[in-house]
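Undergrad: Before we start, here is the structure in question, set down as structure tokens.
The values are calculated or read from the model by the stated rules, or taken from the named source; none is laboratory data. What you see is a predicted model; the values in this text were computed from it and never measured. Ideal geometry is used to build each Cβ from the backbone, glycine not excepted, and the neighbour counts take in all protein chains shown.
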Amino acid sequence: MKKVLVVEDEQLIADLLQKKLRKEGYYAFVAGDGEAALKQIREGRPDLVLLDIVLPRMNGFEVLSELRKDEELRGTPVIIISNSGHRAEIDKG
């Protein structure tokens, strides 16, 4: 079973994504902030990370930067999820 980590601090959105992914046959788990996300990526080795940008403790771009520095984890696929819509964030992503 493929594992997907949902990194989202808005509980309602996290719950909806987790429920939908599980319904589709994925093992989905959630991290509510950037630091927890890095810990869960290192421990759980997800096949995909759905990563919000605006997060407490460490934002999504910081998480992505740390992930890409790690030899073992840099190949982990990441999809950025955000409702921000700011051109600068889109370009940076």
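Undergrad: Under 8 Å between Cβ atoms, at least 6 apart or on separate chains: pull out the pairs that start in segment 3-29 with a residue that is within 15 Å of E43 (Cβ to Cβ) and modelled with pLDDT of 95 or more and end on any residue that is surrounded by fewer than 16 Cβ atoms within 10 Å (Cβ to Cβ) and among the small types (G, A, S).
TA: Pairs that qualify, where the first residue is within 15 Å of E43 (Cβ to Cβ) and modelled with pLDDT of 95 or more and the partner is surrounded by fewer than 16 Cβ atoms within 10 Å (Cβ to Cβ) and among the small types (G, A, S), are K3/G44; L5/G44; F29/G44.
Undergrad: I'd like the full set of residues that are basic (K, R) and at positive phi, limited to segment 22-56.
TA: R45
Undergrad: Does A88 satisfy being on the phi < 0 side of the Ramachandran plot and modelled with pLDDT under 95?
TA: When the stated conditions are applied, A88 passes them.
Undergrad: Return the residue satisfying two criteria in turn: it lies in segment 57-74 and is closer than 18 Å to D33 by Cβ and among the charged types (D, E, K, R), and of such residues it is surrounded by the most Cβ atoms within 10 Å (Cβ to Cβ).
TA: Only one residue tops the list, namely E66.
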